[in-house]
Amino acid sequence: MKSYLLLIPLFLVFTGLFAQQEDTTKVYDMKPIQVSSFRMASSVVKSLPAVQGMYIASGRQSAILQIAETPLNYANKNAHQVFAKTPGALVYDMDGSGNQINVSFRGLDPHRSWELNVRQDGIITNTDMYGYPASHYSMPLEAIERIELISGTAALGYGAQFGGMINYVTKSPDTTRRAAIQNITTAGSYGLLSNFTSVGGKAGKLTYYGYYHRRKSEGYRDQAQSNSEAYFLRASLALSRKARVETSLGYSYYLHRIPGPLTDSMFLANPRQATRSRNWYSPKIYIPAVRLFWDIGANTSLMLSSSALFGARNSVMFIGFANVPDAIDPATNNFRHRQVDIDNYKSFTNELRLRHHYTLGAAFSGTFVGGVQYLNNDLHRRQLGKGTTGSDYDLTNLEPYGRDMHLHSKNIAIFAENLFEFSPKLSATLGLRYENGNSVRSGFIRYLNPEVVPLDIKRNFFLLGASAQYSIRSRQRIFAGISQAYRPTIFADLIPPNALERTDPNMKDAFGYNAELGWENYAGKHLRYSLTLFRIAYNNRIGSIYVADGAPGAPFLLKTNTGNTVTLGAELYAEYTGAIGNQGAWSLFTATSRMEAEYAKGTLVKGTENVDIKGNKLEGVPAWMSRNGARLYYKDFGATIQYSYVSGHHSDALNTKEPSANGARGWVPAYDLWDLNLSYRPSARMRLIGGIQNMFNKQYFTKRPAMYPGPGVWPSDGRNWFVTLETNF
């Protein structure tokens, strides 16, 4: 990554800070005034307004999660607390605490949040929408002011993902000062030490904000280790009263030593043990962006955005099931060679959005939001490299890669939505999205003939959607919506893993829809709630079938579209608040979901047979998830206790109940957790936070992954504590 990408925001910052300005200071003789009050963090979830910036949120389930004022273990990114008041949020502990948030909603796969359109301040952070839509970019939670969520019916305006949109909004600078500094330092169990420092302010026409973050942890399990670094700089320059230009650069990196999967018997004997000591994983991501905001008129605004994602996803591992030990070979007196895999990303996104508010007559009004998005991505994937026999993080490759390929994707999307406001209470939204593009695979695969490697996948389709809402009164509404969505076949789907498998060249993208019906009341003085019913149809899921009569006669496994699934669910968020005189408040809350997800049709290979899986439960979908808690704030003291419950679920489409010997398949047991967080403000410029996570030391795991970081049981963290000091200058 070249350093010149940092020069633009740096130039704007320092130009504004040191520019000479006219001295307009006036002196007034003021009498002193003393104001006394207590500060209480806002904890009640709110929904987005009908129109949020350049997007329409009316008629959809949405939420604003206040993060900065909520006492959390920011350094560990404790996701089941971050999304405590979001029913249906499934958290997957995969990379060790603190490295990355893996989350999904409504029964979708939480792997690196890849079913979501993930953004930071509106900038897309998904690595490659068509090659690997995971979000490897990992911003520190200390930098986040709030999280904005819109359900999957937002697929038209944000992106075609089934899961909807999640936007991590970074903190805003203090515009009354040239420079305001914040430091957040955390220490905790298992060698946790984290430091976050930010600076922001305003000088003339320039507003800026930046942070730098370092974190290290030895991890809960033996042989685990994590080191991370992140920085971010955003500068906004007012060109006029109606226009401003904003440029930013985000960077994230972490290096994780992976302790390996366990079998069920290993987990029961000692969940902290490791089966690997030589496995390493490290993503490094840069995201530069430039945006222009222009209020063309009183009712018309335009945004032009250009962003990129550059980086790599590197790993060096001894790959094998949990019951295959990584031991020294007696013949060589050395460990076996590890496998080196490297992804390099070059993803470019250009987006133009226009918003126009209009009126027709005295009673009817509307808002139009439309635009065009162009993506040009190149994913260079090198796999099956022969690594060293050492133990450190070493990407040295001793032989040519077994797979050396590119997936080059181009896509243009045209989208339009119109909010029709028939009255102050009744509104409806109609929208469409048109996508046209292709993905081209090229390169070398050692076990395939060169002529079968090239592959060109074309996309050309419309997505349609509609929603409506009736406002009973302010912040109380009934809403309903439906929107089509799709998930492209990703690079991993297109690569046969070995010479005995094939990829169907006519494999289709996953396609389906989200539908929801909800009743929301955030207007009450004490009781606030939201109840939503939803249905997700997810068709053309990808799996493998057995082909016995393949040319030239040898049987093989064919990766192709194998099934359709349907998920039905109900989500409830409710919170009751009360006051403690005029110096405090308390609240009780629940965020609970009930889901039924199964295969409407499907076929999957089992040994050398193709098995009908119609009626089987969809893997990775707990029937019940419930997070409940009590919060108390009195003067400068705050306390939160939270109870979380996740029911058991299947780990594979065959619904294997008994665990396999290697831990790769089997039932994922239910688990429940208790957490306690405390906070205290000794002054306006200082805050202390501390807590105990998993108070009763529950030994649990959230998933048996089928891919990275390896099939088997991956234990989550046991009991741990943390202490945070936040200071502001």
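Here, each number is a calculation from the coordinates, and none is a lab measurement. Values in this document were obtained by computation on a predicted structure and should not be read as measured data. We place every Cβ from the backbone using ideal geometry, glycine too, and count neighbours over all the protein chains shown.
Net charge in the neighbourhood of Phe415 (other residues with Cβ under 13 Å of its Cβ; Lys, Arg +1, Asp, Glu -1) is 0.
Shown for Ile258, Ile67: other C-beta atoms within 10 Å of each C-beta, ranked fewest to most, produce the order Ile67, Ile258. Using R0 = 41 Å, the C-beta based FRET efficiency linking Ala492 and His356 works out to 0.50. Axis angle, to the nearest 10 degrees, between helix 7-18 and the longest C-alpha principal axis of the chain: 20 degrees. Electrostatic tally near Arg278: other residues with Cβ closer than 11 Å to its Cβ, Lys and Arg +1, Asp and Glu -1, net +1.
Sites listed here are chymotrypsin sites (Phe, Trp or Tyr not before Pro) in segment 380-424 whose DSSP assignment is loop and whose Cβ has at most 10 other Cβ atoms within 10 Å, and the list is empty. Here the mean projected area of the convex hull built on the C-alpha positions of segment 182-280 is 8.8 nm². Rounded to two decimals, the Cα-based Rg/Rh of segment 620-729, with Kirkwood Rh, is 1.14.
Electrostatic bookkeeping for Val372 treats Lys and Arg as +1 and Asp and Glu as -1; over the other residues with beta carbon under 10 Å from its beta carbon, the sum is 0. Of the peptides 196-205, 238-247, 451-460, 691-700, the ranking by mean beta-carbon count within 10 Å, highest at the top, reads 196-205, 691-700, 238-247, 451-460. Relative to the Cα centre, the charge distribution of the chain, modelled as +1 at Lys and Arg Cβ and -1 at Asp and Glu Cβ, gives a dipole magnitude of about 1460 debye. Only DSSP H runs of four or more residues enter the estimate; each adds -39500 (n - 2.57), and after division by the residues of the chain the mean residue ellipticity at 222 nm equals -1000 deg cm²/dmol. For segment 503-557, the list of trypsin sites (Lys or Arg not before Pro) that fall in a loop by DSSP and count at most 12 other C-beta atoms within 10 angstrom reads Lys525. So if I take the alpha carbon set of segment 122-213, get Rg, then get Rh from the Kirkwood formula, what is the Rg over Rh ratio? Result: Rg/Rh = 1.07. Sorting His408, His80 by the number of Cβ atoms found within 10 Å of their own Cβ, with the fewest placed first, yields His408, His80. Taking segment 195-253 on its own, what percent of its Cα-Cα pair distances exceed 16 Å? Value for segment 195-253 (Cα pairs over 16 Å): 58 percent.
Note on segment 349-477: along the principal axes its Cα atoms extend 74, 37, 21 Å, ordered by decreasing extent. In this simple spin-label model, placing a label point 7 Å from the Cα along the Cα-to-Cβ direction at both Leu588 and Asn344 gives a separation of 5.9 nm. Computed on the Cα atoms alone, the convex hull of segment 168-230 gives a volume of 83 cubic angstrom per residue.
Here the chain is described by how far its Cα atoms reach on the three principal axes: 92, 58, 51 Å, from widest to narrowest. Here the convex hull built on the C-alpha positions of segment 566-629 has a volume of 72 cubic angstrom per residue. Taking all C-alpha pairs of segment 392-461, those more than 19 Å from each other amount to 64 percent. Considering all different alpha carbon pairs of segment 585-665, the Kirkwood hydrodynamic radius works out to 15.8 Å. Directionally averaged projected area (segment 102-151, Cα convex hull): 3.7 nm². D for segment 655-699, whole µm²/s, Stokes-Einstein with Kirkwood Rh over alpha-carbon pairs at 10 °C and 1.306 mPa s: what number? Stokes-Einstein gives a translational diffusion coefficient of 112 µm²/s.
Extent along the principal axes, Cα only, for segment 230-387: 84, 32, 25 Å, with the longest axis given first.
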